[in-house]
Structure formats: structure tokens, C-alpha cells
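Written below as C-alpha cells is the structure these notes are about.
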Amino acid sequence: MKTLILGLNYLPESTSIGPYTADLAEYLKASGHDVRVITGFPTAPQWKVWNGYEGKRFMRETVNGVPVLRTWLYVPKNPRKTLQRILFDCSFALSALFGIGITWRPEVVVIISPPLQLAVTAFLIASLSGAKVFLQIKDLVPDAAIAVGALKEGSTVLRFAKALERFVYRRSTGIGVICEGMRRNLISKGVPPDKVTTLPDYIDLSFIRPPANNGFRARFGIGQDEFLAMYSGSVAGKQGLETFVEAAAEFENGLSVTCCLIGAGPYLPELKDTAAKLAMQRFRFLPMQPRESLPEQLAAADALIVTQRKAVRDVVFPGKLLYYMASGRPILAAVSEDSETGRFIREMNVGVVVPPEEPARLAEAIRWMREHREEARALGRNGRRVAEQQFDRTVVLERFEAYLTGDEQTGCLKAS
């Protein structure tokens with residue numbers, strides 16, 4: 001099957017959606033399909049084109065056996081400004097149009113969203129070849145933008161975004177979502193239930209596994225007896241990570257607790273300012289680490305942190321949860337109890353959920369985990385078991401392939 005994958009992020013980016021898109025492309029390629037990828041130049045998480053890719057409009061390369069075409073991006077100077085973010089998304093949707101060759105015609109075009117604008121590109125490409133179009137949604141747009149205050153109710157931009165959303169859902173042959181909350185969201189907007197299938201994110205369980213003692217703590221001067229609460233990933237607006245920083249202030253004196261944030265993103269300077277205002281000396285801000293060190297990095301933690309803003313409900317399901325669970329470490333989540341993230345953590349018994357934007361409650365939960373180590377370890381073991389049962393990369397990607405090729409018993413891409 002000739003399959004074109006359109007996605008803004010791809011390897012070598014190790015955060016955001018990139019690794020998932022690469023896993024999908026490589027799996028389909030290994031299964032005998034003719035796969036090609038159109039993506040942007042790597043910018044995550046620093047919002048700067050990586051060394052070796054600067055100054056180029058187009059670039060062809062082969063990544064792990066998959067032909068990849070990179071196309072031009074407008075990279076915003078201030079990604080926190082809504083207009084600049086919209087231009088960023090639109091620039092890729094437009095430049096990707098020039099990436100389709102005149103002789104190669106895909107049978108299926110897979111869109112990795114966001115950005116939702118990319119679906120328009122896919123429809124135009126598909127119109128030349130009669131290809132089916134499958135939309136795989138990682139974050140719900142524009143709902144996520146509303147939740148973090150980037151788009152205001154009643155604004156012209158939001159009205160346009162909602163119109164685009166309706167158009168894309170209507171025109172797509174099939175739609176995939178990564179969790180049941182997103183599926184319910186789409187059905188509530190009038191999308192036919194048989195058009196939407198749940199295809200969760202996935203994890204390479206041979207890459208992330210609970211190892212024995214490792215050298216991560218020693219490299220960064222963190223004592224083996226310290227209780228280490230860690231956040232790892234991109235630093236974006238929807239996360240509300242100031243809750244973690246402010247909670248950590250309670251451990252500046254006394255208790256052997258170290259709090260650590262590993263990552264980068266547009267909100268990182270603001271978090272460092274918060275730590276400086278609180279005169280914090282123990283909180284560790286560490287740069288993004290090489291992807292190959294991620295297993296030992298996560299395994300070095302005693303608790304892994306997730307935070308979200310109050311307004312975030314069913315619009316996102318953080319991919320980092322899968323990595324956290326696979327590492328066999330308990331999760332501490334400052335999220336809305338009825339959010340998709342909160343429901344999942346509670347129902348699967350893989351961590352502790354406290355209210356969002358309440359630093360004192362998060363600090364209390366850190367204290368509880370420190371004082372109840374065996375109970376915390378049991379939550380971590382549950383997490384590893386859930387990752388093995390529900391998110392094994394091979395199993396999920398096998399279902400994904402079956403859906404795209406029409407072998408799956410349900411779904412709009414089933415062969416007629």
C-alpha cells in the first residue's frame with residue numbers, strides 16, 4: 001500500500017509527536033508498504049531549527065529506511081503568541097503541498113494532527129490520486145487552545161477554527177483518536193461513531209524498562225537517599241508547571257526531597273523566574289537529555305510528575321504517561337479529577353491524582369509518596385503492567401496497520 005504520512009514533527013526530535021510518527025512509518029515500511037513522510041525541519045522543543053538543518057527550504061533524507069522530505073517552516077520568535085503559532089502551523093500546511101511528487105500517487109494519506117490545517121493539504125493531495133484520508137488526532141484543536149486561553153470564545157479566529165474542524169471531520173475518510181475521552185468529544189460534535197476509532201499512542205517496551213541502579217543521579221549530584229520527584233518533557237502552556245515549581249518550594253528546608261524538571265520550551269524562562277522569586281536553591285532545572293538516556297533518567301526518579309491546567313479535560317492525553325508507566329515508576333498528577341488523564345490514572349491505579357493549580361496539595365502528595373515507599377512502588381509496578389497490556393508498540397501498530405489496509409473489522413478504511 002502506498003502510504004503518505006504528513007506530520008509536523010519527526011525524528012530526530014525526541015519530544016512531542018515526532019517519535020510516534022516515526023514508529024508508525026517504520027512499522028509500515030517493515031511490513032512491506034511503500035511509505036513516504038513529509039515533515040518539517042526539527043524545531044522541538046526549543047522552537048529553533050536544529051543545527052545542520054538551518055537555512056534550507058526543502059531537504060530529502062532517509063531516516064531508518066524511510067524516505068523523508070522536510071519542508072520550510074515559519075518559526076515564531078515568540079511561540080506563546082497565538083497569531084505566530086497559527087502562522088507556524090499554516091506555513092507547514094502550505095509548504096507540504098510542494099512536497100508531493102508528480103509521479104508517485106499514494107493510496108492512503110495519514111495526517112498527524114495538530115496542526116489541523118494539514119488536513120486541507122492532505123485533501124488536495126488525495127484529490128490528485130483518489131487516496132483515502134485518515135486523520136490521527138493527538139490533541140483536539142481548537143479545544144486545547146481554548147483550554148489554555150490562546151483562543152477566546154466568540155472570536156473570529158475561533159469561529160474560523162471551528163468551521164475548519166467541522167470541514168475536516170466531514171471530509172476525512174476515517175478518524176483516529178488516542179483515548180476514549182477524545183472519541184466522546186468528537187461524537188458530541190456530530191461525528192458518526194463508526195467513523196471514529198481509538199488508536200492509542202504506543203511505547204517500545206524493550207527501550208523503556210525498569211532497570212536496576214544507574215548513574216543518572218551521580219552525574220547530576222543527586223544523592224541515592226534523596227526522594228526524587230521528576231518532570232521530563234516539553235514545557236508548554238497547557239501543562240501549568242508552575243504548580244510543580246511552587247510545590248517544590250515547600251522542600252527547600254528539611255526533608256530529603258529533590259525536585260527536578262528536565263526539558264525545554266517557551267515557558268521555561270517563566271518557571272525559572274518563579275524559582276528565583278521564591279529564592280529556591282534545591283530545585284533542579286536540567287536541559288533536555290539525549291533520547292538514549294531516557295530509560296535511566298526515568299528510572300532514577302521516585303515519582304514522575306504530570307501537571308495540567310484546570311480547564312484541560314478531554315482535549316489532551318499526554319504521551320509521557322506511557323513512558324512514565326513503562327519505567328515502572330509511580331505517577332503524581334496535578335490534574336482535574338474528571339480529566340481524561342485523571343480518570344485514567346485513578347482507574348488504572350498507576351499513581352496519585354491531586355487537584356490542578358494547587359501547589360500545597362501536590363507537595364502533600366510528594367510527602368505521602370516519600371513516607372509510603374512500598375505503596376508507591378506498587379503503583380509503579382501497576383503502571384508497567386498497564387503499559388504491557390494496553391500500549392505495547394507492536395500490538396497497537398498492528399491494529400493501526402489493519403485499520404489502514406482494511407483488514408480491521410470496523411472503521412471507515414475497511415475495504416469495500
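The values are calculated or read from the model by the stated rules, or taken from the named source; none is laboratory data. Values in this document were obtained by computation on a predicted structure and should not be read as measured data. We place every Cβ from the backbone using ideal geometry, glycine too, and count neighbours over all the protein chains shown. For accessibility, only protein heavy atoms count, side chains too; no ligands or nucleic acids. Shrake-Rupley method; radii C 1.70, N 1.55, O 1.52, S 1.80 Å.
Taking the average, over residues, of other Cβ atoms within 10 Å as the packing measure, peptides 112-124, 72-84 rank 112-124, 72-84 from highest down. Note on surface exposure: Lys162, Lys152, Lys310 rank Lys152, Lys310, Lys162 by accessible area, highest first, 1.4 Å probe.
The base-10 log of I(q)/I(0) for the chain, evaluated at q = 0.09, 0.11 Å⁻¹, reads -0.54, -0.82 [Debye formula, identical scatterers on Cα atoms, solvent excluded].
Separation of the alpha carbons by more than 26 angstrom is noted, of Lys272/Lys310; Lys138/Lys189; Lys132/Lys320; Lys277/Lys320; Lys189/Lys310; Lys48/Lys277, for Lys132/Lys320; Lys277/Lys320; Lys48/Lys277.
The label-point distance for Glu61 and Glu180, in a model that sets each label 7 Å from Cα toward Cβ, rounds to 4.1 nm. The ellipsoid that matches the Cα gyration tensor of region 208-352 has semi-axes, each √(5λ) in whole angstrom, of 22, 20, 14, with the longest given first.
The dipole here belongs to region 14-93: it is taken about the Cα centre, uses +1 on the Cβ of Lys and Arg and -1 on the Cβ of Asp and Glu, and is about 440 debye. A 1.4 Å probe run over the chain, with the rest of the protein chains in place, finds 42 Å² accessible per residue. Here the gap between Trp50 and Ser256, fully extended at 0.36 nm per residue and compared with their Cα-Cα distance, gives a gain of 70.4 nm.
Placing Asp34, Asp273, Asp225 in order of accessible area, with the largest value first and a 1.4 Å probe, yields Asp225, Asp273, Asp34. Under 5 Å between amide hydrogens, built in the peptide plane, is the criterion, and for Tyr231 it picks out Cys260, Leu261, Ile262, Ile305 among residues at least 5 positions away or on other chains.
Note on Tyr27: accessible area approximately 50 square angstrom, rounded to 10, probe 1.4 Å, nucleic acids and ligands left out. By the equivalent-ellipsoid construction on the alpha carbon gyration tensor, region 274-402 comes out with semi-axes of 25, 18, 16 Å, ordered largest to smallest.
As a length-normalised measure over Cα pairs under 8 Å and 6 or more apart, the relative contact order of the chain settles at 14 percent. Take the Cα radius of gyration of region 82-144 and divide it by 2.2 N^0.38 Å, N being the number of residues; the result is 1.16.
About its Cα centre, the chain has a charge dipole of approximately 1120 debye under the convention of +1 per Lys or Arg Cβ and -1 per Asp or Glu Cβ, with nothing else charged. When only Cα pairs below 8 angstrom with a gap of at least 6 residues are kept, region 54-184 shows a relative contact order of 18 percent. Ignoring the sites themselves, what is the longest stretch of the chain with no GluC sites (Glu not before Pro) in a DSSP loop and at most 11 other beta-carbon atoms within 10 Å? So the longest stretch without any such site is 154-416. Helix 156-171 and the long axis of the chain differ in direction by around 60°, with both axes built from C-alpha atoms. Per-residue ellipticity at 222 nm from helix content only, as computed over the chain with -39500 (n - 2.57) for each DSSP H run of at least four residues, stands at -11000 deg cm²/dmol.
Over region 211-271, one equal point on each Cα, no solvent: what is log10 I(q)/I(0) by the Debye formula at q = 0.17, 0.26 Å⁻¹? Results for region 211-271 at q = 0.17, 0.26 Å⁻¹ read -0.67, -1.13.
Full extension of the segment from Ser206 to Ser31, taken as 0.36 nm per residue of separation minus the current Cα-Cα distance, would add 61.1 nm. Expressed as an acute angle from 0 to 90° and rounded to the nearest 10, what is the orientation of the C-alpha long axis of helix 118-129 relative to the principal long axis of the chain? Rounded to the nearest ten degrees, it is 30. Relative intensity of region 243-315 on a log10 scale, I(q)/I(0) at q = 0.14, 0.23, 0.26 Å⁻¹, equals -0.53, -1.21, -1.32, per a Debye sum over C-alpha point scatterers of equal strength in the absence of solvent. Computed from the C-beta positions of Ser293 and Lys189, the FRET efficiency with R₀ = 60 Å rounds to 0.90. Remark: relative contact order (region 30-127) = 22 percent; criterion is Cα-Cα distance under 8 angstrom and separation of 6 or more residues. Structure note, pairs Lys2/Lys56; Lys56/Lys77; Lys29/Lys77: Cα-Cα distances above 25 angstrom occur for Lys2/Lys56; Lys29/Lys77.
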